[in-house]
Amino acid sequence: MTVKELSSAGRLLDRRYFLSDSATALGSIALASLLSDDHLLASDRSEIAIDPAHPFAPRLPHFTGKAKNVVVIFCAGAVSQLETWDYKPELIRWDDKPLPGGPAVTFQGPAGNLARPQYPFRQRGQTGKWVSDLIPHLAELTDEIAFVHSLTSKSNTHGPAENFLSTGFVLDGFP
């Protein structure tokens, strides 16, 4: 891989990527227009009450929330989610094998092989959520916990990924 292929700026300046992205954007706009004409979109645009003078003003929710409080637990350096409640059965199959898809770009030396979870997982509670035996007491509360598995990051290095989680920026020096 070249530096141009790895950098997002290199991809953005490439004519092929520009034309591909432009075609995708125009196709999306056309599809939205067709769906809007047939009234097949989720809601009418007139229902969105955003004041252009105050676009970031609080808006009414779609429904009344049931939660009174939310506790976000973020422990830098804590045990991996892959050892607690992010069950990935494919890791067992891929144990001690290199990450598929080509060489990983790292800033801390060569990437190691994949490793299976060190503790067995079992389904817990009425929801059947897979939770590790590492945390048996917390596993009893799985029906009371909201698990978010959709987070992504622009970095696989912990420090920059933590910055991104807290500030929205990978690099230091931003609020």
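To keep it simple, each residue is scored yes or no on (1) under 19 Å from the mean Cα position of the chain (by Cα); (2) closer than 24 Å to residue 152 by Cα; (3) without any contact (Cβ under 8 Å) to a residue 12 or more places away in the chain.
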{"residue": "61", "(1), (2), (3)": "no, no, yes"}
{"residue": "73", "(1), (2), (3)": "yes, yes, yes"}
{"residue": "76", "(1), (2), (3)": "yes, yes, no"}
{"residue": "83", "(1), (2), (3)": "yes, yes, no"}
{"residue": "98", "(1), (2), (3)": "no, yes, no"}
{"residue": "116", "(1), (2), (3)": "no, yes, no"}
{"residue": "120", "(1), (2), (3)": "no, no, no"}
Go through segment 124-142 and count every residue that is of a type in the set (Lys, Arg) and within 18 Å of residue 80 (Cβ to Cβ).
1
Give the residue, chosen from 41, 34, 19, that is at pLDDT 80 or above and farther than 25 Å from residue 154 by Cβ.
34
Only one residue in 168, 109 is on the phi > 0 side of the Ramachandran plot, over 21 Å from the mean Cα position of the chain (by Cα) and without any contact (Cβ under 8 Å) to a residue 60 or more places away in the chain, so which one is that?
109
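The values are calculated or read from the model by the stated rules, or taken from the named source; none is laboratory data. Note that the structure is predicted; figures quoted are calculated from it, not measured. Cβ coordinates were reconstructed from backbone atoms using ideal geometry, including for glycine residues, and neighbour counts include every protein chain displayed.
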